[in-house]
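Bear in mind that the values in this text are calculations on the coordinates, not laboratory data. Predicted model, so just to flag it, every value in this text is computed and none were measured. Quick reminder, even Gly has a Cβ in these numbers, built from the backbone with ideal geometry, and neighbours come from all protein chains shown.
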Amino acid sequence: MDYTPTILKNKSVSIRFYKVKKVQPENVWVREMTEDGDDIIESTFVRFTNNSIADIEDHFGGLEAWQEKLEKLPVNTIRQTLAFALKKDVEEIGEAMLDGEVVTYSNIIGAAWAIANGVDPTVASRMLANSAQLAEEQKRLLNEALDKNEDNDSLGHSGTDSGPKRASRSKSSGN
């Protein structure tokens with residue numbers, strides 16, 4: 001993605017989504033695919049305006065509450081935040097969000113928020129580049145840990161050692 005200061009200053013922060021469309025009569029959002037069955041991915045730009053910030057304040061009960069929700073319910077809160085910033089339906093955003101990119105979306109929201117609050121786009125550009133590298137490193141480490149765990153999963157069907165059965169619960173205090 002292009003996180004150059006000029007792009008950040010003029011267009012804001014680039015973000016990628018699956019292309020989605022609303023299907024009737026079910027009235028649901030679905031991902032669009034190529035003839036080969038591959039997801040179509042498109043880019044747009046995230047920018048916070050006074051209106052989108054006011055929507056966030058109203059919906060979450062203030063900016064502090066919004067930040068708490070970002071920590072406690074990141075996917076839900078990121079989805080809603082992007083819906084406000086992009087003026088789109090929350091269900092559309094949820095279906096369009098790329099799988100496994102919650103950290104990336106969080107970083108994009110952080111950078112767009114920083115720019116909206118006067119941070120120099122050059123600083124935001126460096127921040128985004130660093131956070132993108134960290135997100136990739138996290139994915140790599142997670143994949144390595146999962147691969148290692150699969151290699152160690154040779155203890156049997158359940159993955160546990162056989163051994164004595166757990167004693168049944170006592171119905172008295174032992175006195």
**Study point:** Which numbered condition V23 fails, given (1) among the aliphatic types (A, V, I, L, M); (2) within 30 Å of L142 (Cβ to Cβ); (3) touching a strand residue (DSSP E or B) at 6+ places or on another chain (Cβ under 8 Å)
**Key:** (2)
Exercise for review: Report yes if some residue within the range 87-104 is more than 24 Å from Q138 (Cα to Cα), touching a Phe, Trp or Tyr at 6+ places or on another chain (Cβ under 7 Å), not aliphatic (A, V, I, L, M) and not in a strand (DSSP E or B); otherwise report no.
Suggested key: yes
Exercise for review: Could you tell me whether the range 69-81 includes any residue that is touching a Ser or Thr at 6+ places or on another chain (Cβ under 8 Å) and without any contact (Cβ under 8 Å) to a residue 12 or more places away in the chain?
Suggested key: yes
